[in-house]
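Just so you know, all these numbers are worked out from the coordinates, no wet-lab data involved. Keep in mind that what you see is a predicted model, and the values were worked out from it rather than measured. Neighbour counts run over all protein chains shown; Cβ positions are idealised from the backbone, glycine included.
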């Protein structure tokens, strides 16, 4: 940064918020005026998280390494000892660091570089000021200094963020990490938000399915049992109503924090970052949870708004980046040296509009049952337990409805259509808008139809990307290998 004093950092991280849940960024069915304002004032990206589960994804942000390189691939796995974490680096640079809300990694944030903590939960070791009492969903109770606070998690944690802003030092910059529990289930927004989407209910997602087309290896995990089998349209719409209500609720209270930031005169000298640990299916592809590698779950919303950044820009279509790239990007933005243990790639030039992307490909995985590679256009998901591969064209099929490797799509008659022929001249044309029981079918004809040979080349290339990534993670190509994909 050009200024003598570096900007403050106000960092919001949600729990389970999918990328398609911001009104201004393409969802007309949800009200998010605060996030809409940040989108107007800043830059929007959609990073991938390597493992779409709470603990590994948060460890990626903190460490600047992907989950297979920082030691934390699943719940209860510790971040590798000796890594310089984000709050440690900022503390060394003179920042006063505060952590509020969900931790969900090993140790305690007070041992990871934060000067002060408040309302900490999902933490292995408790300290004064952490959440107290029984786990009762979103009803929280803890001490904020001498103040006993009780109430809905979003409301009390954002109130603690406001108190942090009021007492933050004025002689040096601060970093406030606010980790809300919303919109994680139980999705219990208080009135009036609770009823905001009850009548009418939100529409189904475009990729709604009553059930997933095959066993992906973890169909009975906790999150998948939150709705009945097969998924009913009415039940999914109710789930999405509650999900949207939680998001509109925390949008409002984040707005209160930003209002206080303005009142204190610090808004123009503060970088605001908004993101989530991972996304959520909530009815898409017949799934409820985040434990899959579809775009709605493995990608996250990410907003950057602050000094010297463009306003109202979307770079999420062209830029491939990971959650673990946030750490080096933040250090680059602040003009600070990135710690040697950090392996991500800075996408600051993307934020500044000077570059389209920082990666040509990126990979992700879920336990031992799913692997994914994408080049931004095509995306391959491999299920090793059943030796099943899916291929999606993310440009023409962003909701991942049309698997290009299903057998009927590989028939020459259905794939290699001659564009010059009229519909009546083509030998095999599935109805592009079939009617079933008076309703439009879920899966209209995919266009453009790709030649089978081209699909085979794409699959071979992305499978090689996965093999290379696997070798990099196993150390065959050395520590720096993770920079290449």
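Here the peptides 5-14, 251-260 are ranked by packing, the mean other Cβ count within 10 Å, and the order with the highest first is 5-14, 251-260.
Apply the a/c threshold of 1.5 to the C-alpha gyration tensor of the stretch 183-290 and tell me whether it is rounded, prolate or oblate. Prolate, since a/c reaches 1.5 and a/b exceeds b/c.
Full-extension gain between residue 132 and residue 150, please, as 0.36 nm times their residue separation minus the C-alpha to C-alpha distance.
Working: separation 18, 0.36 × 18 = 6.48 nm, distance 1.01 nm.
Gain on stretching residue 132 to residue 150: 5.5 nm.
A simple spin-label model places pseudo-atoms 7 Å from Cα toward Cβ; at residue 139 and residue 115 they are separated by 3.6 nm. Only helices enter this figure: runs of n ≥ 4 DSSP H residues, each worth -39500 (n - 2.57), summed and divided by the residues of the chain, yield -7500 deg cm²/dmol at 222 nm to the nearest 500. Using all pairs of distinct alpha-carbon atoms, the Kirkwood hydrodynamic radius of the chain works out to 23.4 angstrom. Under the classification rounded if a/c is under 1.5, otherwise prolate if a/b is larger than b/c and oblate if not, where does the stretch 109-267 fall, given a ≥ b ≥ c as square roots of the Cα gyration tensor eigenvalues? Because a/c hits 1.5 or more and a/b exceeds b/c, the stretch 109-267 counts as prolate.
Given the Cα-Cα distance of residue 74 and residue 264 and 0.36 nm per residue of separation, how much length would full extension add, in nm? Each step should come with its number before you reach the end.
Details: separation 190, 0.36 × 190 = 68.40 nm, distance 4.01 nm.
Extra length from residue 74 to residue 264 when fully extended: 64.4 nm.
With a Förster radius of 25 Å, plug the Cβ-Cβ distance of residue 194 and residue 232 into 1/(1 + (r/R0)^6) and report the FRET value to the nearest 0.05. Write out the running numbers ahead of the final one.
Values: r = 21 Å, r/R0 = 0.85.
FRET efficiency, residue 194 to residue 232: 0.70.
Peptides 307-313, 158-164, 71-77 ranked from most to least packed give 158-164, 71-77, 307-313, packing being the mean of other C-beta atoms within 10 angstrom over each peptide's residues.
Taking a ≥ b ≥ c as the square roots of the Cα gyration tensor eigenvalues, with a/c under 1.5 meaning rounded and otherwise prolate when a/b beats b/c, else oblate, which class fits the stretch 1-88? Let's see the in-between values first.
Values: a/c = 2.95, a/b = 1.35, b/c = 2.19.
Oblate is the answer for the stretch 1-88, as a/c is 1.5 or above yet b/c matches or exceeds a/b.
For the stretch 8-359, give the share of DSSP beta bridges that are antiparallel, in percent and rounded to the nearest 5; count only bridges with both residues there. Walk me through the numbers before you get to the answer.
Values: 17 of 42 bridges.
For the stretch 8-359, the DSSP antiparallel bridge percentage is about 40.
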